[in-house]
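Presented below is the structure to which this report refers.
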Ligand SMILES: Cc1cc2nc3c(=O)[nH]c(=O)nc-3n(C[C@H](O)[C@H](O)[C@H](O)COP(=O)(O)OP(=O)(O)OC[C@H]3O[C@@H](n4cnc5c(N)ncnc54)[C@H](O)[C@@H]3O)c2cc1C
């Protein structure tokens, strides 16, 4: 399909879960797609690797992959059917769950998705950084000076997105919303034999950081230990709190991997991440749950919506801004907006009142909260199961 004199129909900057999902779908729709990523895959990505049920529904809907097919292909590396929550050292909840928590190693997961996009027909350039966007010609410019022209440009280049910064500098997207609500995620990887007890389920800890939480997640070969919380609420205490958490787990920092950190957009999602033929998906638009920090689903879901919006624009001559915003307002913003409103009372209760009220809350609403995480109910329609709308219409 040709859409004029452009070299490509769509150039996607970034080949993480967001970029690969958009590339896969757009290639399947018949467009000529180029993905450019600064890394060579497989590349490491700091992450807990937890995938929720709503992500599995998307993987099935978009890629035709199921839990069983992904297990056979060694993409899933751990399955847990219960979880635990602590307030500092005090246990609060330990529950069995009907829908399991599934874990991936991002190096493998991201590579798998990018391969899917390649098989669908997308061209992929690895190891080349995009350093600028030329709005007048709809081109991206890479660090080697190469220019790639296309009709649409998708920024899927993560939380430090160059495409977003370019849209900010050109005054095309409002930068005002971005600065506040950034968080930091810190993680170490621990060999299983360094842990005092065998870890076979995810465990969350409140009370070690403010406006956030800490976690111990099982993987097949290693245990992922991390903390994520709002920068503004923790300031310089962040690393110290993480060391306290590691000491609490009896982990010697010399026997775990080096502490690594990465920013997380934690409630600073953009309200208009689109301008003419340029749009942002995933972390680059700040699409991460402002309470749980879940971002893989939102990266892939916004990419799915972006692909449909581009298709609608190219095939039916609809305006891209209107189409993408219509889908975001229907499927992404209600969740992020309600979660952001809900987190003030939630974290205030956690921090001011401590153990007993939180335990009471989790005892009463633990099952609903897990269903919410998995996408079986929404923040907005919390009281009712099955409010989730997966259809795409304009
Ligand atoms: C410590 C931590 C733990 C987390 N744990 C979880 C979890 O358990 N579950 C969950 O759902 N989410 C988790 N998240 C969030 C999740 O990792 C992100 O939301 C998700 O990776 C976003 O996907 P993306 O495709 O938008 O961006 P990314 O995954 O960041 O991919 C962006 C891609 O763009 C490339 N890129 C960047 N800049 C350029 C450039 N200039 N030119 C070319 N390429 C470029 C990068 O190399 C990268 O491949 C965690 C985050 C952190 C920091």
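Taken together, the values in this text are just the output of simple stated rules run on the coordinates, not laboratory data. Keep in mind that this is a model prediction, so the values were computed, not measured. Heads up, the Cβs are rebuilt from the backbone with ideal geometry, glycines too, and the neighbour counts pull from every protein chain shown.
Dividing the summed helix terms, -39500 (n - 2.57) for each DSSP H run of n ≥ 4, by the number of residues in the chain produces a 222 nm estimate of -10000 deg cm²/dmol to the nearest 500.
Could you estimate the translational diffusion coefficient of region 126-203 from the Stokes-Einstein equation, with Rh from the Kirkwood formula over C-alpha pairs, at 25 °C and 0.890 mPa s, in whole µm²/s? The Stokes-Einstein estimate is 152 µm²/s. For the chain, pairs of C-alpha atoms spaced more than 31 angstrom apart make up 35 percent of the total. Quick one: if you stick a label point 7 Å off each Cα along the C-beta vector at residue 46 and residue 192, how many nm between them? Here the modelled spin labels are 2.6 nm apart. When only Cα pairs below 8 angstrom with a gap of at least 6 residues are kept, region 21-163 shows a relative contact order of 30 percent. Here is the size of region 44-151 from its Cα atoms: Rg then Dmax, 19.6, 59 Å. Fewest-first ordering of 211, 308 by other beta carbons within 10 Å of each residue's beta carbon gives 308, 211. To the nearest ten degrees, helix 320-331 and the longest principal axis of the Cα atoms of the chain are 20 degrees apart. Tell me, what is a quarter of the convex hull surface for the C-alpha atoms of region 310-394, in nm² with one decimal? Average of the hull's projected areas for region 310-394 equals 6.6 nm². By other beta-carbon atoms within 10 Å, ranking 47, 313 with the fewest at the front produces 313, 47.
Label point of residue 276 set 7 angstrom out along Cα-Cβ; within region 9-30, amide nitrogens under 19 Å from it belong to 9-13. Cα-based radius of gyration for region 58-121, normalised by 2.2 N^0.38 Å, reads 1.47.
Given R0 = 51 Å, the distance between the Cβ atoms of residue 236 and residue 108 translates into a calculated FRET efficiency of 0.90. Give me the base-10 log of I(q)/I(0) for region 274-335 at each q in 0.23, 0.27 Å⁻¹, Debye formula, one uniform scatterer per Cα, rounded to two decimals. Log-scaled intensity ratios, in q order: -0.88, -1.13.
Dividing the Cα radius of gyration of region 244-394 by 2.2 N^0.38 Å, with N the residue count, gives 1.27.
Within region 1-102, the percentage of alpha carbon pairs spaced more than 17 angstrom apart rounds to 67%.
Computed from Cα positions, the angle between helix 355-374 and the longest principal axis of the chain comes to roughly 30 degrees.
For region 206-262, the relative contact order comes to 28 percent (Cα pairs under 8 Å, sequence separation of at least 6).
Projecting label points 7 angstrom from Cα along Cα→Cβ for residue 360 and residue 60 puts them 3.9 nm apart.
Relative to the longest principal axis of the Cα atoms of the chain, the long axis of helix 238-248 lies at roughly 50 degrees.
Could you calculate the contour length gain from residue 170 to residue 368, that is, 0.36 nm times the residue separation minus the distance between their Cα atoms, to one decimal place in nm? Intermediate results must be reported in sequence, preceding the final value.
On the way: separation 198, 0.36 × 198 = 71.28 nm, distance 4.34 nm.
Length gained, residue 170 through residue 368: 66.9 nm.
Using the Kirkwood radius built from alpha carbon pairs, what does the Stokes-Einstein equation give as D for region 81-216 at 37 °C and 0.692 mPa s, in µm² per second? My calculation gives 168 µm²/s for D. Place a point 7 Å from Cα of residue 318 in the direction of its Cβ. Which residues in region 267-290 have their backbone N less than 13 Å from it? Those under the cut-off are none; the list is empty.
Take every Cα pair under 8 Å whose residues are at least 6 apart in sequence, average their separation, divide by the length of the chain, and the relative contact order is 18 percent.
Put in line by how crowded their Cβ is, counting other Cβ atoms within 10 Å and starting with the fewest, 67, 119 read 119, 67.
Annotation: the antiparallel percentage among DSSP beta bridges lying fully within the chain is about 70.
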